[in-house]
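The values are calculated or read from the model by the stated rules, or taken from the named source; none is laboratory data. Quick caveat: nothing in here was measured; it's all calculated off a predicted structure. For neighbour counting, all protein chains shown are included, and Cβ atoms are generated from backbone atoms with ideal geometry for every residue, glycine included. Remember, those area values only see protein heavy atoms, side chains included, never the ligands or the DNA or RNA. Shrake-Rupley method; radii C 1.70, N 1.55, O 1.52, S 1.80 Å.
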Amino acid sequence: MLQGFGQQIRQARKEKGYSQRDLARLVDLDFTYLSKLENDRADYPPKEDAIRKLAEHLELDAEELVFLAGRIPERDEEFLRQNYKAMPALFRRMQENPEFAQKVFNEATQQDEQEK
Amino acid sequence: MSLINYPSFLSKEHIESEVEKILERMRSTPQYVPTFPLDPQRVADFLDLTVVWDTIPPDTDGQIAARILPLLRQIEINEAIPELRGGFGNSTLAHEIGHWILHINHNEVDGSSKQQTLDLGLEDIQPFLCRSISAQQGIEWQAQYFAGCLLMPRYILKDVAQGRKLTKWKHLYAMAEDLGITISNLKNRLQDLGWINIPNGSRQIYPGRSSPTGQINLLD
């Protein structure tokens, strides 16, 4: 479920020189749960505010980390609700047609780059 | 060649020297400079070992405190044992790191990992199990002595002992708290060093290689 999320957290924590207990204290998580997150063994992803705290202390991109954890950012929830009928079809089409998915991703990334 | 070494004898000097080598290497790596009380997790990070707290189910021989998965370079600590969350857990993790350094054949681990990556059909490697750190024989004693040296290097003990009397339990408890370890770990370490002596079944602490007044020369 959290493939990639744990590795990013662990690598960034090590670079900062925090132990699991240090970081867990900073972000109000139990250190045993953090150890599971780092090793992709957690049964559920952390809440969005915890992910944002992790990103802040580890200097990671919070938006990317939220998605990597399998969460939808709260600010996008209303948009999803408004378009709830289109979303399953969109995701299905992207899964079934990788070229289409890549085109959507490329355009989104280009737009992001231009806005920066 | 096996993944696990079972040396019949390792001297205290050898084990202490292995610990000192690791601490020295950490001292020269900015984000890993050791601070005390030592969190052994940082030592595991330095050695590129992952640590995970998870439930380890008992097997037919009973409860398992911790285990090492050599090819994953991973140490698992049993979160189902509540006592492991505090100083006892630090000692257990340091103990497992001791097994990793003293008893795991690292060349063989690297070779086996590569072979597994190439999918050459190796059988699953069994984890290295640790049932109880109270077993004070053979490799368990060696790993526990390693843990004592890691969590309580002599120079740190000397610092922490400043202004305290090693023959007073109250002072020993304060030292244990300063070091983030259990009183049992501290007592064993001080006895191993010959700084105190507590006869079996007694609560009386006698100075070790010290003057009859109880003043201990820590610079021996």
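For chain A, the relative contact order comes to 23 percent (Cα pairs under 8 Å, sequence separation of at least 6). Peptide A:7-19 has a mean of 3 when you count, residue by residue, the C-beta atoms of other protein chains within 10 Å of its C-beta. When the accessible areas of A alone and B alone are added and the area of the pair subtracted, with a 1.4 Å probe, the result is around 1600 Å², both sides summed. B:Glu83 exposes around 110 Å² of accessible area when a 1.4 Å probe is run over every protein chain in place. Taking N as the residue count of region A:5-69, its C-alpha radius of gyration divided by 2.2 N^0.38 Å amounts to 0.94. Less than 5 angstrom separates the built amide H of B:Ile4 from those of B:Asn105, all sequence-distant by 5 or more or on a different chain.
Where in chain B are the helices, taken as whole DSSP H runs, whose Cα atoms extend 18 angstrom or more along the long axis and whose Kyte-Doolittle mean reaches at least 0.0? Those that pass (Cα extent of 18 Å or more, hydropathy at least 0.0) are B:87-103, B:138-151. What region B:152-205 shows is 51 Å² of accessible area per residue, with the surface traced by a 1.4 Å probe over protein heavy atoms. Mean residue ellipticity at 222 nm, helices only, chain B: -13500 deg cm²/dmol; runs of at least 4 DSSP H residues each add -39,500 (n - 2.57), and the sum is divided by the number of residues.
Mind pulling up the Rg/Rh value for the protein assembly as shown? Radius of gyration and Kirkwood radius, both on Cα.
Answer for the protein assembly as shown: 1.07.
Phi-derived couplings, Karplus 6.51 cos²θ - 1.76 cosθ + 1.60 at θ = phi - 60°, listed residue by residue for region B:58-70: x, 10, 5, 8, x, 6, 10, 7, 7, 8, 10, 9, x Hz, with x used for Gly and Pro. When the pairs A:Lys53/B:Lys21; A:Lys16/B:Lys165; A:Lys14/A:Lys47; A:Lys47/A:Lys85; A:Lys16/B:Lys12 are compared against a 30 Å limit on Cα-Cα distance, A:Lys53/B:Lys21; A:Lys16/B:Lys165; A:Lys16/B:Lys12 fall above it.
Placing pseudo-labels 7 Å out from each Cα toward the beta carbon at B:His106 and B:Thr60 gives an inter-label distance of 3.6 nm. Counting Cβ atoms of other protein chains within 10 Å of each residue's Cβ and taking the mean over peptide A:24-34 gives 2. Roughly how many nanometres apart are two label points built 7 Å out from the Cα toward the Cβ at A:Arg71 and A:Gln11? The two pseudo-label positions are separated by 2.1 nm. Temperature 4 °C, viscosity 1.567 mPa s: under these conditions the Stokes-Einstein estimate for region B:152-205, based on its Kirkwood radius over C-alpha pairs, is 117 µm² per second.
Mean projected area of the convex hull spanned by the Cα atoms of chain B, taken over all viewing directions: 14.0 nm².
Inter-chain Cβ neighbour count for B:76-83, averaged per residue, equals 1 (cutoff 10 Å, partner chain atoms only). Quick check: the distance between the Cα centres of region B:50-104 and region A:87-112, to the nearest angstrom? Cα centroid of region B:50-104 versus Cα centroid of region A:87-112: 44 Å apart. Entry note: region A:13-116 has Rg to Rh equal to 1.05, where both radii use alpha-carbon atoms and Rh is the Kirkwood radius. Close amide H contacts of B:Val51 (hydrogens built in the peptide plane, cut-off under 5 Å, sequence separation of 5 or more or a different chain): B:Ile75. Applying 1/(1 + (r/R0)^6) with R0 = 35 Å to the Cβ-Cβ distance of A:Asn83 and B:Leu47 gives a FRET efficiency near 0.10. Bridges between two residues of the protein assembly as shown, per DSSP, are antiparallel at a rate of about 70%. For B:Asn197, the residues whose amide H sits under 5 Å from its own are B:Tyr206, B:Gly208, ignoring neighbours fewer than 5 places away on the same chain, with H placed 1.01 Å from N. Rounded to whole numbers, the Karplus 3J(HN,Hα) couplings from phi for region B:37-48 are x, 7, 8, x, 4, 5, 5, 4, 4, 4, 7, 6 Hz, using 6.51 cos²θ - 1.76 cosθ + 1.60 with θ = phi - 60°, and x at Gly and Pro.
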